[in-house]
Structures are given as C-alpha cells and as structure tokens.
Amino acid sequence: MNSSISGTGAGASLILDAKTRIYSWLEYFSGRRHGLIGAALARVVLGGVGLYFYLRDYFDRDFLWGPQGVWPWRSFMAPENEALSLYSVAKTDAWFELVFHVGIIVALLFTLGWKTRITTALHYVFLWSLQQRNPLILDGGDNVTAIVLVFFMFVDSSAYLSLDARMKRRKGVSFESISMRKRVPSLLHHAGLLAVILQVCTVYLVSGMYKIQGERWQNGTALYYILRVGEFGWPGVNRFIYEHATLVVAATYATVFFQIAFSFLLLKRSLRPFVVAGGILLHLGIGLFMSGLVTFSATMIALELVIMGDGHYKRLANRVRKALGSRKDLAATVQAEPVKTS
C-alpha cells in the first residue's frame with residue numbers, strides 16, 4: 001500500500017517537474033527574443049547573395065532569363081513543370097523587364113531591412129520565380145536559399161542592421177523585451193531559427209554521409225581531383241595545394257570529419273563559436289579555391305551566423321573593442337615617448 005502511494009507520488013512529482021520545465025521554456029522563448037544579431041547578419045548576407053544573383057549577369061539577362069532565352073519557353077511552360085513563376089504570366093519583354101527590375105528593388109530593400117517581414121516574403125517570391133525561369137544555372141546554394149527564405153518569414157531579422165531598427169529606436173521601442181500580445185510571434189521567431197539551424201545541420205550531415213561512401217574520400221584523394229576541375233578551380237593557385245599529398249589527404253579527411261561531427265558539436269554551447277568559425281573557414285576555402293561556388297559558400301556562411309547567440313556576438317564585439325583600444329593606447333604611448341638622441 002505504502003509502495004503504491006509512494007509510486008503515485010513519484011509519478012506526480014515527475015509530471016509536475018515536466019510541466020514546470022515546459023512553462024519555463026515557454027516563458028524563456030516567448031518572453032524574450034534570442035538570436036537577433038545572427039539573424040540580422042544572415043539577412044544582410046542573404047540579401048547580398050540575392051543582389052549578386054540578379055546583377056552578376058545583368059547585361060545577359062535576356063539570354064539567361066528572357067522570353068527568348070537559352071531555356072526554351074515551351075520547356076518553361078511545360079505541363080510537367082509545376083513550379084510557379086511570375087515570369088510565366090506573359091511572354092513579353094516588357095513584363096520580363098518589369099518583374100526582373102522589381103525583383104532587384106525588393107532584394108535591395110530586404111538587404112537594408114525595410115518592412116522586413118513583407119520584403120522577405122516578396123524577395124522569396126521574386127527570387128524563386130527567377131530561379132524557375134532557368135534551372136540550368138542553379139547550384140546547391142540557390143536551393144538552400146529558396147528553402148531558408150521560407151523560414152525567415154517567421155524570423156525577426158530586422159532588430160539590428162536595418163532601417164526598421166533605426167525607425168524603432170527613434171520611437172523608443174525595445175527589441176528584446178516582448179509584450180504579451182507578441183508572445184506568439186516570438187515563439188515563431190525561435191521556431192524559424194531552429195528550422196534554419198536544422199537545415200544547416202541536414203546539409204552537413206547528408207553531405208558527410210555521402211562522402212564517406214565514396215572511394216576517393218575514403219582513400220584521401222578526393223580534394224586532389226576536386227581542385228583540378230577547371231570549371232570551378234582557381235587557375236595557377238590550386239596546384240600549390242594539390243601538389244602536396246599530405247595536405248590533400250589531411251584536408252580531405254578533416255572535411256568529412258567536420259561535416260559529420262558538425263551537428264553533434266553544436267549540442268555543447270561553449271563549442272558553438274569554434275564550430276561556426278570552422279564552418280566559415282571551410283566555405284571561405286570553397287569560395288576561394290572553387291570560384292564557381294561563391295554563392296553556395298556565401299549562403300552557407302550566412303546561415304551559420306544564425307547559430308551563435310547574441311551573447312557570443314556581444315562578447316566578441318567587446319573583445320574586439322578592447323583589442324583595438326589597447327592598440328590605440330599603445331600607439332599613443334609610443335608617440336608620447338620622447339625620442340632618445342645619442
């Protein structure tokens with residue numbers, strides 16, 4: 001009898017503890033928005049990538065995306081092509097030019113953070129429409145961008161580095177303390193951030209799992225062949241890397257290990273800045289030595305910036321200010337010291 005009573009009491013205590021934790025989590029994620037700095041940085045980089053996508057081939061836009069472009073209109077409008085696009089509304093040069101240039105304006109406003117909730121959705125629609133007009137020139141970065149822009153519709157990415165933030169500061173609006181009526185948007189903000197982080201983890205994990213199944217990744221020679229691809233390589237530079245066998249083997253295995261371990265290393269909060277730094281260095285290397293994948297590298301770097309919390313960025317900023325301040329003090333001291341003459 002006593003054992004059954006004690007068991008019931010223990011079960012009730014566990015339920016009570018679980019409820020308390022759930023309520024505390026809800027209060028934590030609904031009462032205060034986190035990850036605002038990383039979201040703002042990611043918005044700026046993603047917007048820059050979108051502008052680059054528009055302006056990179058601006059003078060060849062008719063050939064790449066126009067009604068008479070390289071991707072035939074009949075293929076674009078084929079019944080099996082279920083992708084919706086604003087460019088499919090009319091087969092005229094005037095409509096193409098209008099949609100294309102409005103897309104550039106929307107991408108710029110998204111980057112600057114003006115009416116960010118609205119411009120995020122519009123940027124997704126216009127960029128997606130352009131991508132569907134010619135799928136031949138897309139890469140992995142374009143696919144990831146199309147996915148995460150949906151998540152960013154729920155993310156508050158305008159608290160910093162935006163015109164919206166500037167206007168709110170003039171009105172004296174706080175970005176971090178949330179009123180009761182804004183608790184649901186705050187929860188959606190954190191859900192969007194979590195979705196972005198899970199997308200990054202999925203990209204790394206799937207890529208790493210595919211790599212370990214390849215013979216050249218297993219024997220450590222994969223980067224040798226990758227760096228010799230003329231379409232993406234940096235002429236005259238890549239050979240200084242692939243001619244060093246030890247460096248190639250080490251970099252090949254390190255890439256696979258990092259991609260597989262990435263998601264698990266993020267579980268420890270103190271390691272996140274180092275993991276993000278490793279991811280940024282990895283994609284900087286891809287962007288430099290595989291120049292055809294610049295947009296993919298920039299997109300992944302943007303999404304990795306979301307992973308670090310506001311506390312990480314503020315501590316990093318303080319350390320940078322202290323380092324710069326100490327250098328200024330040292331320079332002032334050196335200048336103030338009298339010059340000794342013999």
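The values are calculated or read from the model by the stated rules, or taken from the named source; none is laboratory data. Only a predicted model underlies this, so the values are computations on that prediction, with no experimental measurement involved. Because the Cβ atoms are built from the backbone with ideal geometry, glycine has one as well, and the counts that use them run over all protein chains shown. In case anyone asks, the SASA skips ligands and DNA or RNA and just uses the protein heavy atoms, side chains included. Shrake-Rupley method; radii C 1.70, N 1.55, O 1.52, S 1.80 Å.
Within the stretch 72-110, find all residues whose amide N lies under 16 Å from a label point positioned 7 Å from the Cα of residue 63 along Cα-to-beta-carbon.
Taking a point 7 Å out along Cα→Cβ of residue 63, the residues of the stretch 72-110 whose backbone N falls under 16 Å are 72.
Taking all protein chains as present, what is the carbon and sulfur share of the accessible area of the stretch 222-264, in % to the nearest whole number, probe 1.4 Å?
69
Of all GluC sites (Glu not before Pro) in the stretch 192-292, which ones are in loop regions per DSSP and have a Cβ with at most 11 other Cβ atoms within 10 Å?
Working: sites: 215, 231, 243; in loops: 231, 243.
The qualifying sites are 231, 243.
Length gain on complete extension for the stretch residue 274 to residue 115, per 0.36 nm per residue less the alpha carbon to alpha carbon distance?
53.9 nm
What does the extension gain come out to for residue 219 and residue 322, with contour length at 0.36 nm per residue minus their alpha carbon separation? Kindly include the intermediate steps, with their values, before the conclusion.
Values: separation 103, 0.36 × 103 = 37.08 nm, distance 4.56 nm.
Value of the extension gain: 32.5 nm.
What accessible area per residue, rounded to a whole number of Å², is obtained for the stretch 70-223 using a probe radius of 1.4 Å?
Each residue of the stretch 70-223 exposes 53 Å² on average to a 1.4 Å probe.
Apply the Karplus parameterisation 6.51 cos²θ - 1.76 cosθ + 1.60, with θ equal to phi minus 60°, to every residue of the stretch 301-309 and state each ³J(HN,Hα) to the nearest whole Hz, in sequence, with x for glycine and proline.
3J(HN,Hα) across the stretch 301-309, in whole Hz: 4, 4, 6, 5, 5, 6, 5, 6, x.
Test of understanding: what is the full-extension gain from residue 150 to residue 229, defined as 0.36 nm times their sequence separation minus their Cα-Cα distance?
25.1 nm
Please give, to one decimal in nm, the separation of the simple spin-label points placed at residue 284 and residue 83, each 7 Å out from Cα toward the Cβ.
The modelled label-to-label distance comes out at 3.2 nm.
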